[in-house]
Amino acid sequence: MKFVDEYRDGNLAQQYAQKIAQITSQPWKIMEICGGQTHSIVKYGIDALLPKEITLIHGPGCPVCVTPIELIDSALKIASLPNVIFCSFGDMLRVPGSEKDLLTIKAAGGDIRIVYSPLDSLKIAQENPNKQVVFFAVGFETTAPATAMTVYQASQVNLDNFTLLVSHVLVPPAMEAILSAPNCQVQGFLAAGHVCTVMGYSDYEPLAQKYSVPLIVTGFEPIDILQGIYLCLQQLESGQTTCENQYIRSVQPQGNILAQQLIQDIFEIVPRTWRGIGEIERSGLGLAPKYAKYDAIERFKEELAPMAPSSVPEICISGEIMQGYKKPHDCPAFGGECTPEHPLGAPMVSSEGACAAYYRYRHYEVGV
Ligand code: SF4
């Protein structure tokens, strides 16, 4: 398949591994920011191809994993209401809230529907004028344009039975939070290619300069990731720190201007709490005031108040994993108390979660 097979070529992967080994003279720690990249690394054993001096650290690039528990609990409450059709991407259904998850509510009779696009939920709202339809808008800059288009279309037809529970997050502020932490170990970054396809990478060069780290915009196939690591090492070994684009078949420096304009029209930048990490300034997208009527928190404020305090299992170390301090194997619950069938934390169920990747491809390493 064009643009896939050539990026999964085993011989080429070995050649890149050799080139990486040839230029590596000392230990380096490189973070891949995106959970999709983490899954490729674990699935294809890319880390095992690298010299022992290179440590890959898995970053917080899983929007499902970082959606705050308070918002999940709000979603659960709204989805339980009798007159509501609650629409969500599939991997949110198993994410545990304080007491249950969306799948439990669906099993108990809640009208929860899995959609593949936010526009599907708009159609459901038009087909069900007597119901309140809510879309759980979770994602990075990659999915924000589709959410923004949905809000725009809802406003064009003045739809008044449709709202969104918005939890969009932005990648560069999270990278800065990691880099500015006093115990940061990251020396180089693989930035998320799909995010940069939308947003470009002008925000990344200032980060590379400010924190003296190479920042490589990288794709998701094995050869993409090996190329990204190679470019990162070339900079690290030669003392350079700049932003470079490996994913040239998809990413333009300026990104997708039309998508950015749509995002700017529909959303405003807000502080956002990242699950397991805490609040990061200017790291989220919220609906702009002129679209406030589509905000589910506002629409359901009476039903949502008062909410019991949210709580996460103490044993779950997902925050430390997503900041690169620990790996899934370090969690005492991994593969025992916490499995994809009985998850304690979002990284065990999300398709981009690090714990899910390790469980799926590496569980034999810890004998579970
Ligand atoms: S294995 Fe489960 S409990 Fe442990 S960090 Fe991952 S999601 Fe949390």
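Key figures for this structure:
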{"item": "Percent accessible area from carbon and sulfur atoms, the chain, protein chains only, probe 1.4 Å", "result": "51 percent"}
{"item": "The chain - charge dipole about Cα centre, Lys and Arg +1 at Cβ, Asp and Glu -1, debye rounded to 20", "result": "260 debye"}
{"item": "Where no second cysteine Cβ lies under 4.7 Å, the cysteines concerned in the chain", "result": "Cys34, Cys87, Cys184, Cys196, Cys232, Cys243, Cys316, Cys331, Cys338, Cys355"}
{"item": "Partners for Lys301 among lysines (Cα-Cα distance below 20 Å; same-chain residues under 8 apart left out)", "result": "Lys77, Lys131, Lys290, Lys293"}
{"item": "Pairs beyond 24 Å (Cα-Cα), from Lys100/Lys326; Lys19/Lys43; Lys29/Lys326", "result": "Lys100/Lys326"}
{"item": "All aspartates and glutamates inside 14 Å of Lys327 as judged from Cα atoms, apart from same-chain residues fewer than 8 positions distant", "result": "Glu32, Asp47, Glu365"}
{"item": "Backbone HN-Hα couplings from phi across region 293-307 [Karplus 6.51/-1.76/1.60, Hz, Gly and Pro as x]", "result": "5, 9, 8, 5, 4, 6, 4, 10, 4, 5, 5, 7, 10, x, 9"}
{"item": "Eligible aspartates and glutamates near Lys210 by straight Cα distance, threshold 18 Å, same-chain separation 8 or greater", "result": "Glu176, Glu244, Glu281"}
{"item": "Around Thr67: net Lys/Arg minus Asp/Glu count, Cβ-Cβ under 14 Å", "result": "-3"}
{"item": "Debye-sum result for region 218-368 in log10 I(q)/I(0), which assumes one identical scatterer on each alpha carbon, at q = 0.08, 0.10 Å⁻¹", "result": "-0.39, -0.61"}
{"item": "Gain upon complete extension [Ile315, Glu99; 0.36 nm per residue less C-alpha separation]", "result": "76.2 nm"}
{"item": "Mean residue ellipticity (222 nm) of the chain, computed from DSSP H runs ≥ 4 via -39,500 (n - 2.57), nearest 500", "result": "-11000 deg cm²/dmol"}
{"item": "The chain, relative contact order in percent, only Cα pairs under 8 angstrom and at least six apart counted", "result": "23 percent"}
{"item": "Cα-based convex hull, region 21-76, per residue volume (Å³, whole number)", "result": "82 Å³"}
{"item": "Sequence-distant residues sharing a close amide H with Ser283 (under 5 Å, placed H)", "result": "Val270, Arg272"}
{"item": "Gln22-Ser155 FRET efficiency (beta carbon distance; Förster radius 56 Å; 0.05 resolution)", "result": "0.50"}
{"item": "Theoretical FRET efficiency, 1/(1+(r/R0)^6), r = Cβ-Cβ of Leu119 and Glu205, R0 41 Å, to 0.05", "result": "0.75"}
{"item": "Shape category assigned to region 318-363 from the gyration tensor of Cα positions, a/c cut at 1.5", "result": "rounded"}
{"item": "In Hz, Karplus ³J(HN,Hα) per residue of region 271-279 (6.51, -1.76, 1.60; θ = phi - 60°; x = Gly, Pro)", "result": "x, 9, 7, 9, 4, x, 10, x, 6"}
{"item": "Anisotropy class of region 239-322 from Cα gyration tensor, a/c 1.5 cut", "result": "oblate"}
{"item": "DSSP beta bridge pairing in the chain, given as percent antiparallel to the nearest 5", "result": "20 percent"}
{"item": "Choice from Leu119, Leu258, Leu207 with maximal GNM fluctuation in the chain (Cα, 10 Å cutoff)", "result": "Leu258"}
{"item": "Cα shape, region 28-129, gyration tensor, a/c 1.5 rule", "result": "prolate"}
{"item": "Angstrom value of the Kirkwood radius, inverse mean 1/r, which spans all Cα pairs in the chain", "result": "21.2 Å"}
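The values are calculated or read from the model by the stated rules, or taken from the named source; none is laboratory data. Computed from a prediction, not measured in an experiment: that's the story for all the values here. As a convention, Cβ positions derive from the backbone with ideal geometry for all residues, glycine included, and neighbour counts pool all protein chains shown. Each accessible area value is taken on the protein alone, full model and side chains, heavy atoms only, with ligands, DNA and RNA left out. Shrake-Rupley method; radii C 1.70, N 1.55, O 1.52, S 1.80 Å.
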